[in-house]
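The values are calculated or read from the model by the stated rules, or taken from the named source; none is laboratory data. Bear in mind that the values here come from a model prediction, so they are computed numbers and not experimental data. All Cβ positions, glycine included, derive from the backbone under ideal geometry; neighbour counts span all protein chains shown.
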Ligand SMILES: Nc1ncnc2c1ncn2[C@@H]1O[C@H](COP(=O)(O)OP(=O)(O)OP(=O)(O)O)[C@@H](O)[C@H]1O
Ligand SMILES: [Mg+2]
């Protein structure tokens, strides 16, 4: 893979409207999407995911910045000249055409010979497992089938990049899970770069090679799912993805290659020090499954069990920390069955290994 | 009747509705009946006859007026529909400043009193020195037909998923191909519906035509008006009945086509 293959977004900004109606949908966004990658844009509603996708597709023009595909700027090409295809959230199947005609459309527009078009359409029908439905109209298909046609229509063109804007959001949960697996399979088989938009963090974690977490027109963090989950670099990212404990703290004294943080009262936690440990007021982010509960008196955060929720594989304890240091969620695997070691009101120590603590500057 | 619509439960709805329909349609029914009257005096019934229809179809002046009407209606409809389609596409494309003003301007001929338009148009033609005739009638008709053609086309476009033209562009169709292959096929019921409405409006117009038609450019409504001034004859009833038939045909077609593939 050469330096310049894939998509490079360089300092893209996009504003809509003017005066009082002005909306800054994207603010100086840069990112690199590698070839053959399943890349996800994840963020809450209104953070600019669709806008970024539409800029790559060419439906919107950037207010500033550039977009490169394999090292060549495509920012000023109209959509029909970009080797990029889109799966629309509404599917946008042509209602007056049959399934086969829908899939053939892009190929015909590129001037492919009839025989080849027919071959490619047949190939696509098999790929998305829709054999026999060639002559149906979109209105005669189920939501899941329409979804597959939209995929086939886009993939038939062998684009360099496939853009998918929340393609699964209209499907029910079961179908959604099936299509997640299906999409992953299609991406691996076709070797096409997928840029996938979702606001479902679980979907993003399970499907992506890498993902970008967006908020309010900015990209906060880019990384592999495990990296984003284990090492969030922003409070927002930590909070948005999965369940996490966020504790306010101040840096006390360095202790070798570790730093002791003071939470309030006499409560302290020892954390692994980064290259340049943040000083002053910080947040300590700790996943519930990385902490453990021990009887009171052990080295850890002192507190009392406030609630216990049994959820099958795990039990979730909510601990009220002493000295007003806040609440702490601990998730314990039920290795020994449902019989928990602690009851509500028990005094406990929450033990957190130094490497499980992510120190975030506020 | 009475099962589905809760309106029927209100006291007095039935008699009011009945009165309304009688009020609207009784004169037309009387006209239809009298057009089959054998008696020369149009308002006194004797026996059934279709002779007046034969007389009408045999009258060169009436047939010439009818031909003028069809020529004007057809050409005005074609031009008005093309312009209305372009306007609707332009308005649907994007939000821009002054859009509401333009929208109102397009619909303006619907609310301006016809007599004002008629006088203004006549004045305009005289000012620029255009000789009154079929051409001036055609020009005037094109203008007032545009809003009638525009409204169903615009409605159709508004019901269309805005992602469809984007999907076409995404699939390598240039603007013309996207229009030809995706937008027009989805739009055509609206276009056809608008065209048929425009045709009927043109065929039916009296006031403006009366002002801007020259000597040789008499249309059917203007001719009927001329006949009425001499007296109501059975021929007038027969032509009117024929025009009614054509109107009903086109309006029904327009309605049916407009509902296609909704
Ligand atoms: N055409 C437009 N005109 C004006 N504002 C727009 C336009 N398109 C998007 N915006 C605004 O830009 C911001 C980002 O919108 P965008 O559609 O990219 O969000 P999103 O992340 O896709 O959200 P969602 O998850 O709800 O789809 C929003 O505040 C939105 O209101
Ligand atoms: Mg969106």
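Just a few scattered comments:
- Any chance residue B:21 is closer than 27 Å to residue B:198 by Cα and surrounded by fewer than 12 Cβ atoms within 10 Å (Cβ to Cβ): yes
- Residue selected from the stretch B:122-165 under the condition in a loop (DSSP other than H, G, I, E, B) and within 14 Å of chain A (Cβ to nearest Cβ), by the criterion nearest to residue B:184 (Cα to Cα): B:160
- Out of B:112, B:119, one residue alone is assigned by TED's automatic domain parsing to the domain that holds residue B:159, in contact with a helix residue (DSSP H, G or I) (Cβ under 9 Å, 6 or more places away or on another chain) and part of a loop (DSSP other than H, G, I, E, B). It is B:112.
- Of the residues making up the stretch A:62-83, those that are away from every other protein chain (no Cβ under 14 Å), outside any strand (DSSP E or B) and within 16 Å of ligand 1 (Cβ to nearest atom) number 2.
- When we screen A:162, A:93 for residues that are at the interface with chain B (Cβ under 9 Å from one of its Cβ atoms) and away from ligand 1 (no atom under 16 Å from the Cβ), the only hit is A:93.
- Only residues that are over 18 Å from the mean Cα position of the chain (by Cα) and in a helix (DSSP H, G or I) were counted across the stretch B:225-245, and they come to 11.
- Condition met for residue B:171 (in contact (Cβ under 8 Å) with a residue 60 or more places away in the chain and within 27 Å of residue B:93 (Cβ to Cβ)): no
A quick yes/no check of all residues on (1) in contact with a helix residue (DSSP H, G or I) (Cβ under 7 Å, 6 or more places away or on another chain); (2) closer than 27 Å to residue A:54 by Cβ; (3) away from ligand 1 (no atom under 16 Å from the Cβ):
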site: A:108; (1), (2), (3): yes, yes, yes
site: A:118; (1), (2), (3): no, no, yes
site: A:137; (1), (2), (3): no, no, yes
site: A:143; (1), (2), (3): no, yes, yes
site: A:149; (1), (2), (3): yes, yes, yes
site: A:177; (1), (2), (3): no, no, yes
site: A:185; (1), (2), (3): no, yes, yes
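- Lone qualifier among A:297, A:242 - being within 32 Å of the chain's Cα centre (by Cα) and outside any strand (DSSP E or B): A:242
- For the stretch A:16-23, the criterion of being more than 9 Å from ligand 1 (Cβ to nearest atom), within 14 Å of chain B (Cβ to nearest Cβ) and more than 29 Å from residue A:147 (Cβ to Cβ) is met by at least one residue.
- Answer residue from the stretch A:207-219, given it is under 12 Å from the mean Cα position of the chain (by Cα) and within 17 Å of residue A:32 (Cα to Cα) and is farthest from ligand 2 (Cβ to nearest atom) among those: A:209
- Among the residues here, residue A:111 does not qualify as within 16 Å of ligand 2 (Cβ to nearest atom) and more than 20 Å from residue B:163 (Cα to Cα).
- Among the residues here, residue A:59 does not qualify as away from ligand 2 (no atom under 16 Å from the Cβ), within 14 Å of another protein chain (Cβ to nearest Cβ) and either farther than 30 Å from residue A:226 by Cβ or not in a strand (DSSP E or B) (or both).
- Options A:175, A:162; residue that is closer than 28 Å to residue A:95 by Cβ and either part of a helix (DSSP H, G or I) or within 16 Å of ligand 2 (Cβ to nearest atom) (or both): A:175
- Residue A:168 away from chain B (no Cβ under 14 Å) and either more than 25 Å from residue A:74 (Cβ to Cβ) or under 18 Å from the mean Cα position of the chain (by Cα) (or both): yes
- Every condition in (1) under 25 Å from the mean Cα position of the chain (by Cα); (2) surrounded by 15 or more Cβ atoms within 10 Å (Cβ to Cβ); (3) more than 16 Å from ligand 2 (Cβ to nearest atom) is met by residue A:11 except one, and the failing one is (2).
- Screening residue A:52 on (1) in a loop (DSSP other than H, G, I, E, B); (2) within 8 Å of ligand 1 (Cβ to nearest atom); (3) away from every other protein chain (no Cβ under 14 Å) shows it passes everything except condition (1).
- Pairs with Cβ under 7 Å, 6+ apart, first in the stretch A:33-53 and closer than 23 Å to residue A:63 by Cβ, second assigned to a loop (DSSP other than H, G, I, E, B) and near ligand 1 (Cβ under 8 Å from one of its atoms): A:43/A:199; A:44/A:199; A:45/A:199; A:47/A:217; A:48/A:217; A:49/A:43; A:51/A:60
- Residue check: residue A:86 meets all listed conditions (1) in contact with a strand residue (DSSP E or B) (Cβ under 7 Å, 6 or more places away or on another chain); (2) more than 16 Å from ligand 1 (Cβ to nearest atom); (3) touching a residue at least 12 places away in the same chain (Cβ under 8 Å) but one, namely (2).
- The residue of the stretch A:96-107 that is farthest from the chain's Cα centre (by Cα), among those that are at the interface with chain B (Cβ under 7 Å from one of its Cβ atoms) and assigned to a helix (DSSP H, G or I), is A:105.
- Selection within the stretch A:318-348 - surrounded by 15 or more Cβ atoms within 10 Å (Cβ to Cβ) and touching a helix residue (DSSP H, G or I) at 6+ places or on another chain (Cβ under 9 Å): A:328, A:329, A:330, A:331, A:332
- Verdict on residue A:111 being without any contact (Cβ under 8 Å) to a residue 60 or more places away in the chain, on the phi > 0 side of the Ramachandran plot and either surrounded by fewer than 18 Cβ atoms within 10 Å (Cβ to Cβ) or not in a loop (DSSP other than H, G, I, E, B) (or both): yes
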